[in-house]
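Novice: Below are the structure tokens for one structure; questions will follow.
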Amino acid sequence: MSKIKLPLLVTYWLSIIIAMALNIIPWAPPFLMAAPDWVLLTLIYWAIAAPETASVGKAWMVGLLVDVLTGQLLGQYALAYAVSVFLGVKQHKRIRHYPIIQQSLAVCIILLLARVLIFWTENINHQTMPINFWLSVLTGALVWPVVSLTLRKTRGL
Amino acid sequence: MLSVFVYPIQFIVDVPTRLFNGMHDSFESYQQLLGENKELKQQQLINSARLLKFSALEKENIRLRSLLDSSFKLGEQVLIAELLAVNLNPYEHVVVVNKGSRFGVHEGQPVLDANGIVGQVVKALPLSSEIILITDPNHAIPVQVNRNGLHTIAIGSGQLNKLNLPFLPNNADMVPGDLLITSGLGGVFPQGYPVAVVESFVEQPDKPFAVIQATPTAALNTSRELLIVWSNSQVIPLNNPPSEQEDVQD
């Protein structure tokens, strides 16, 4: 494994902490349901743009923290994030060279898969999900260009 | 354990709201404060007058119960906790407050605000605790109608201003405007606190149960200070009956 530069690692963790804070910001009710999963978007960005920083293990740890943060079944987000980051790292060479719109579509598919995993664990936990549970997949894909460009600029600094 | 690491994030997210409230407090005009003060004083007067009557009634209740050979529960202790402005999961009605197991909060404690039952503690973490509201779809609370003592269960609807009462037959004695109070049957909530007011009662002649909806009395989406309650589980032993009662018992 190649040595990762320290500033990159700091940016990585900082961006994840900010994304966690964004995840639990109380939005007004109409936007509440549609709020994208910022942590997952950040993780996918790092998986695609700098796969040497992102590992499945780290994603699992971040997922555990998000589980505790949001009081969910322990391991639920960990599983979803680990699988998504695995896919991101696997496909990073391809997705990285897509134009931004096409990238959004690819990210949309990864987000959908993560949501399916969460839906599945919630169902095991006997929770029923409303239909707008799936809305965050679309909003996630919509804000992907913003997240991606912001993180790229931050990294460039 | 892990919650200690994520608590700072929740704290940081709450800061803007806290700052805004602080600014609001410090920039409020003198006149406004005077008015509010006056209003609160009047409220206080009314409340203390009510309380006078209440303590007399409580004494009377204990006396009557001792006549009936039944016991009376001790009063409750409360702890004031402040809400953190964070949203954990849009599909659940769970809120976070800034008091945790360090303050002795434990799972299953009932939570109130000034107007009624808010919910119960589902997770007591060291520095904070999570509270499920009575309107969460996975929450049910045993209630009774204040007017006639009819027992039933109120289930959360997923909307902050609505509770469902799905287990009452079409001929149940309940009308819109009835106050629902906790019945104390579940063993979690202390008895006699207001929960909701019946909003609509729709009979369904072709089905066994009526469709009844109620509005929680607690200000679930506006109150920032909540009361966490320790209800004393042991009961007061029967009063030593006064002398004339002894005569009756003998």
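The values are calculated or read from the model by the stated rules, or taken from the named source; none is laboratory data. Worth saying up front: this structure is predicted, and the values here are computed from it rather than measured. Virtual Cβ from ideal backbone geometry, glycine too; neighbours counted across all protein chains shown.
Novice: Which residue, of B:G177, B:G187, B:G149, is out of contact with any helix residue (DSSP H, G or I) (no Cβ under 9 Å at 6 or more places or on another chain), assigned to a loop (DSSP other than H, G, I, E, B), at pLDDT 90 or above and not aliphatic (A, V, I, L, M)? Spell out how you get there, then give the answer.
Specialist: Numbers: B:G187 fails: at pLDDT 90 or above; B:G149 fails: at pLDDT 90 or above.
Residue meeting the stated conditions: B:G177.
Novice: Only one of these is at pLDDT below 90, over 27 Å from B:P90 (Cβ atoms) and of a type in the set (V, I, T): A:V10, A:V68. Name it.
Specialist: Working: A:V68 fails: over 27 Å from B:P90 (Cβ atoms).
Exactly one of A:V10, A:V68 is at pLDDT below 90, over 27 Å from B:P90 (Cβ atoms) and of a type in the set (V, I, T), namely A:V10.
Novice: Further question on the same structure: For B:L185, are the conditions met, namely being exposed (fewer than 15 other Cβ atoms within 10 Å of the Cβ) and under 11 Å from B:I141 (Cα atoms)?
Specialist: The answer is yes for B:L185.
Novice: For region A:25-68, name all the residues that are within 12 Å of another protein chain (Cβ to nearest Cβ), among the charged types (D, E, K, R) and touching a residue at least 12 places away in the same chain (Cβ under 8 Å).
Specialist: If the condition is that a residue be within 12 Å of another protein chain (Cβ to nearest Cβ), among the charged types (D, E, K, R) and touching a residue at least 12 places away in the same chain (Cβ under 8 Å), then A:D37 is the only one that fits.
Novice: Does any residue of region B:102-118 turn out to be of a type outside the set (D, E), within 14 Å of chain A (Cβ to nearest Cβ), within 16 Å of the chain's Cα centre (by Cα) and buried (at least 21 other Cβ atoms within 10 Å of the Cβ)?
Specialist: Step one: of region B:102-118, the residues of a type outside the set (D, E) are B:102-106, B:108-112, B:114-118.
Checking the rest, the ones that are also within 14 Å of chain A (Cβ to nearest Cβ) come to none.
For region B:102-118, residues of a type outside the set (D, E), within 14 Å of chain A (Cβ to nearest Cβ), within 16 Å of the chain's Cα centre (by Cα) and buried (at least 21 other Cβ atoms within 10 Å of the Cβ): absent.
Novice: Tell me which helices (runs of 4 or more DSSP H) are completely within region A:1-103 and hold 2 or more residues being under 21 Å from B:Y7 (Cα atoms), or say none if there are none.
Specialist: The helices (runs of 4 or more DSSP H) meeting that bar are A:6-23, A:38-49, A:56-70, A:76-90.
Novice: How many residues, within region A:118-138, are assigned to a loop (DSSP other than H, G, I, E, B), in contact (Cβ under 8 Å) with a residue 12 or more places away in the chain and more than 8 Å from every other protein chain (Cβ to nearest Cβ)?
Specialist: The qualifying residues number 1.
Novice: Kindly evaluate B:I62 against the criterion of being assigned by TED's automatic domain parsing to the domain that holds B:D113, β-branched (V, I, T) and at pLDDT 85 or above.
Specialist: In short, no.
Novice: Pick from A:A49, A:A106, A:A78: which is closer than 17 Å to A:I16 by Cα and touching a Phe, Trp or Tyr at 6+ places or on another chain (Cβ under 8 Å)?
Specialist: Every option except A:A78 fails the conditions.
Novice: Same structure again: Pick from B:L68, B:L34: which is modelled with pLDDT of 85 or more and not β-branched (V, I, T)?
Specialist: Only one candidate qualifies: B:L34.
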